[in-house]
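Read the structure below first, then the notes.
Throughout, read-outs are computed from the coordinates displayed, never taken from laboratory work. Nothing here was measured: the structure is a model prediction, and the numbers come from that model. We place every Cβ from the backbone using ideal geometry, glycine too, and count neighbours over all the protein chains shown.
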């Protein structure tokens, strides 16, 4: 009887692993099929008239082209940017895609703008998608990392929009993946992440709380050098324009919802979509950010497995900021890769697979309903981290109380 009971444990784990294989394979097939259908329907790369299709990436190309012409500061002028975007695709299209990144990202934009728009878009995807795949596979430490990255539901949105989610996920993955043994490389990755500063809010807090000084100072130095290089390359006016337009951009996207509040994947967006006041949305967003920061400090200062700490911080970066879109949520693939590495080593729990399935379903649901479901996905992954970590957190609390 004892043998039968003992044998049932690995059997259950094998069943969960096979189920996970099937789910990830199905998601990969779904992503490929959807992308092919989008291309055939004129919704990817080319439109129905075989013209270059304007997507989010057109703002990157247009800003880069403006920078190459020696007028980097005018990339933040929406009128001039709109004209360059129309020139990129060869026709006038309704609306525009705004440029609101710091001048540091103009290095990437200018390098891509050397090529025609469509070529640059394909090149951007061809460079960042494999980087993301390799990062997730490296973190997972298992071949399952490949289908996890490729089949993750937000992967399709990132490719379709030509967005920078893959780069963001790779830099966050690199920071956390190198943190234990290569602190200098971790700091460099974190310093480069300053091109999207809203995702660096929690890292300094955790690094200070855990006295990871090498990572902290290397990241700070990298960020300063990165900014100084952009100042030398694009001039003071570019930074002045960025800082001048920052509140305008914040007001347009967060207060007035020019880019559709339902596209944002944060508690701020949830409140606004449900008709709540902006003041309430900011209050709840601030409370959530503080709670997440406090929870992560407790987690990182405790004795939980590093995989749980890394997964928690990766997920927390999405929860702490109001300004997060669906393509940014590929960062969750990094968090899940850390969890997968732990689960493969110590075993799965049935509810964890169910939790991942629910998180994936919520992201996919956004395609049809256009409400901030991916915020719920981040909450689920964050909960999975703390359900696993709770015994070590609780035992540390009891030890302190006894002392």
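A few points about this structure:
- Extension gain, residue 208 to residue 225: 0.36 nm times the residue separation minus the Cα-Cα distance gives 4.0 nm.
- Placing R0 at 45 angstrom, the Cβ-Cβ distance between residue 395 and residue 201 gives a FRET efficiency of 0.95 after rounding to 0.05.
- Measuring between their Cα centroids, segment 276-296 and segment 299-329 lie 15 Å from each other.
- Each of residue 80 and residue 368 was given a label point 7 Å from its Cα along the Cα-to-Cβ line. The distance between the two points is 4.6 nm.
- Ranked by the mean number of other Cβ atoms within 10 Å of their residues, highest first, the peptides 153-161, 272-280 come out as 153-161, 272-280.
- Short-range pairs are left out: with C-alpha atoms under 8 Å and at least six residues apart, the relative contact order of segment 297-374 is 27 percent.
- Ranked list, fewest to most other Cβ atoms within 10 Å of each Cβ, for 296, 46, 344: 46, 344, 296
- The chain: relative contact order in percent, alpha carbon pairs under 8 Å with at least 6 residues between: 17 percent
- Residues in segment 124-160 reached by a label modelled at residue 361 [backbone nitrogen below 12 Å; 7 Å Cα→Cβ]: none
- Cα shape, segment 203-353, gyration tensor, a/c 1.5 rule: oblate
- FRET efficiency for residue 383 and residue 48, using Cβ-Cβ distance with R0 set to 60 Å, rounded to 0.05: 0.90
- Highest average packing first - 230-240, 377-387, Cβ atoms within 10 Å: 377-387, 230-240
- Highest-first arrangement of 104-113, 70-79, where packing means the average Cβ count within 10 Å: 104-113, 70-79
- Taking each DSSP H run with n ≥ 4 as -39500 (n - 2.57) and averaging over every residue of the chain yields -24000 deg cm²/dmol at 222 nm.
- Likely footprinting exposure, 21, 142, 100, fewest C-beta neighbours within 10 Å first: 21, 142, 100
- Helix axis angle, 78-89 relative to the chain longest principal axis, alpha carbon, degrees: 90 degrees
- Efficiency of FRET between residue 184 and residue 297 - r from beta-carbon atoms, R0 30 angstrom, step 0.05: 0.80
- Reported label for calculated Cα extents along the principal axes in Å given [x] 58, 53, 44; [y] 53, 48, 47; [z] 75, 50, 43: [z]
- Using alpha-carbon coordinates, inclination of helix 278-301 to the longest axis of the chain, degrees: 50 degrees
- Extension reserve of the residue 244-residue 68 stretch, reckoned as 0.36 nm per residue once the Cα distance is removed: 61.2 nm
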